[in-house]
Amino acid sequence: MNNSRKPIHTTDKKFLFWLGAAAAMHAAVIALSLFLWMLDANRHIRTRTIDVTFVSLPGSEGSRQSSDKNASMEAASYQSPEKPLARKKEKSVPEEPQVPPKKIPEEPVKPREKENPADISKTLERLKQNVDKKPQTQPASGSINSALAALQQKVKSDGNSGTGTGSGGRGGVGDGFGSGGNADPYLAQIASIIQNNWEFSNLMLRNSSGIEVYVRIDILPDGTIREIVFDRRAPIEYMNNSVKRALERSSPLRPLPPGKGKPDLWVGFVFTPEGIKKK
Amino acid sequence: MHDSKLGVFGLISDAGPVVLFVLAVLLLFSVVSWAIIAYKFNYVRKSRYESAAFLDYFFEVYNVEKIFTESENYRNGSLPRVFRAGYVEYRAMSDLSDVRQARARVARAIRRESNAEAKRLAALVPFLATVGNTAPFIGLFGTVWGIMSSFQNIGLTQSASLAAVAPGISEALIATAAGLAAAIPAVIGFNYFTHEIGTIQQDLDEFSSEFVSVCIKEQ
């Protein structure tokens with residue numbers, strides 16, 4: 001009987017050993033999965049999103065006024081030098097098939113040519129003259145670069161004189177963007193980048209009127225979006241998510257120009273189904 | 001920079017106290033289950049291996065003294081242990097004149113040891129069955145509780161959008177997942193050990209009479 005009881009003690013010890021081993025195994029599995037999760041999270045860095053719906057921050061009124069006064073700079077009108085080019089190419093592809101239908105009306109025109117065959121050369125000459133005259137009458141409208149240069153000059157003049165219309169732009173947290181007014185080329189560029197990364201369809205909305213998303217982003221000097229703050233969310237999550245995705249996809253933006261936003265730069269945007277407006 | 005709503009750990013960190021308690025209980029169940037599985041696996045495997053080796057020797061030699069000496073090498077086997085109990089009883093008998101009584105005493109000793117061995121083999125295994133049966137329900141309880149809290153929050157926020165409903169439900173479902181994670185290995189282990197222990201017990205029943213006849217025949 002003693003022989004049969006002795007192993008029970010040793011089996012207790014063995015079981016305790018296995019209990020410890022199982023606990024260690026579970027701890028190891030949890031630690032490993034935690035490590036892998038953190039590794040994965042670091043690989044796909046996500047910007048922190050803070051929902052501060054219905055919280056009015058000091059200075060927010062000023063920024064809204066400025067946006068109203070400045071006729072809502074539509075970001076779609078600006079083109080950033082990187083991504084928009086790619087988009088333009090994409091857009092040009094579907095336009096090409098539209099060219100053949102334009103040729104259709106040329107065939108009915110032929111009878112007119114038959115009516116006045118001698119006037120063809122005269123008409124062509126007149127058209128050439130018109131084409132030659134156009135650049136003289138509208139020298140700046142054809143060139144985007146010249147338009148941008150004009151804008152930059154305007155910004156410089158506004159900044160020097162100190163009469164910029166963006167005086168209320170220091171809304172929110174951190175350094176504002178009011179010093180440059182709404183015509184800041186950097187802000188226009190980042191708005192354009194975000195606009196190009198924004199995938200949103202009005203078809204998903206039953207009623208697009210009054211739907212706005214007020215967002216502020218904190219941009220680090222290297223252009224990384226450190227934080228996204230939703231000042232006001234749209235009632236439709238699809239739009240909120242699309243905005244968040246667009247901002248995450250746009251990060252990193254272009255590096256901040258020297259002297260702009262010493263530690264970082266807060267910029268606000270209003271996303272509407274019609275496009276992005278700067279806050 | 002990490003989105004706290006992502007990943008299992010993010011969901012656990014947002015879980016309520018009841019769900020956390022349920023998860024802790026399930027973790028404990030899982031740890032104990034795995035400990036039992038590992039311990040029993042070694043125990044049963046050794047027992048089967050040594051019993052098979054002892055039986056080979058037993059039928060090869062058929063000499064009770066030699067068999068007893070050899071059985072000392074199989075300390076973990078169930079059959080050698082039962083045989084030793086019968087042999088010790090046989091040696092303890094001073095009066096071997098009454099063969100019937102001697103057989104009965106040896107048989108009783110072998111049966112006693114056989115029962116003890118069966119108990120030893122089956123020890124802790126019912127816990128696996130308990131975990132296998134209850135862990136999914138405990139997890140389900142955590143899920144139901146979590147969904148209850150989630151619906152309460154939905155009522156408070158007065159928003160029934162997917163964004164408001166989904167996190168609470170996914171957070172609650174972790175409890176069910178944990179329950180299944182604890183239950184599945186326990187059920188597999190329970191079925192395996194039940195089968196193995198049944199086989200050993202069958203051997204014990206089968207060879208108990210053989211041991212008795214071997215001991216008494218030597219006389």
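Quick note: the coordinates plus some simple rules give every number you see, no bench work behind them. It should be emphasised that the depicted structure is a prediction, and the values quoted were computed from it without experimental measurement. In this analysis, Cβ positions are derived from the backbone assuming ideal geometry, glycine residues included, and neighbour counts consider all displayed protein chains.
Partner shielding of A:17-26 amounts to 6, given as the average count of beta-carbon atoms from other chains within 10 Å of each residue beta-carbon.
For peptide B:35-42, the mean count of partner chain Cβ atoms within 10 Å of a residue's Cβ comes to 5. Among B:130-136, A:15-21, the peptide with the highest mean count of other Cβ atoms within 10 Å heads the list, and the full ranking is B:130-136, A:15-21. For the range B:168-182, putting each phi into the Karplus relation 6.51 cos²θ - 1.76 cosθ + 1.60 with θ = phi - 60° gives couplings of x, 5, 5, 5, 6, 5, 4, 4, 5, 4, 5, x, 5, 4, 7 Hz, in residue order, rounded to whole numbers and with x for Gly and Pro. By the count of neighbouring beta-carbon atoms within 10 Å, fewest first, B:22, B:99 end up ordered B:99, B:22. Computed from backbone phi with θ = phi - 60° and the Karplus coefficients 6.51, -1.76 and 1.60, the 3J(HN,Hα) list for the range A:32-37 is 5, 5, 5, 4, 5, 5 Hz; x is used for glycine and proline. Look at the alpha carbon pairs under 8 Å that are at least 6 residues apart: their mean separation over the length of chain B gives a relative contact order of 33 percent. Residues B:12, B:200, arranged from fewest to most other Cβ atoms within 10 angstrom of their Cβ, appear as B:12, B:200. Which angle between 0 and 90 degrees, to the nearest 10, do you get for helix B:125-157 versus the longest principal axis of chain B when only C-alpha atoms count? The angle comes out at about 10 degrees. Taking label points 7 Å from Cα along the Cα-to-Cβ direction, residue A:237 and residue A:39 give a separation of 3.1 nm. Legend: translational diffusion of the range B:7-218 by Stokes-Einstein, Rh = Kirkwood radius over C-alpha pairs, 20 °C, 1.002 mPa s; D = 104 µm²/s. The dipole here belongs to the range B:67-219: it is taken about the Cα centre, uses +1 on the Cβ of Lys and Arg and -1 on the Cβ of Asp and Glu, and is about 360 debye. I need the calculated FRET efficiency for the pair residue A:126 and residue A:212, taking r as the beta carbon distance and R₀ as 45 Å, to the nearest 0.05. Efficiency at R0 = 45 Å is approximately 0.35. Spin-label model, residue B:21/residue B:41: points 7 Å from Cα along the beta carbon direction are separated by 3.4 nm.
Counting every other Cβ atom within 10 Å of each residue's Cβ, B:28, B:121 order from fewest to most as B:28, B:121.
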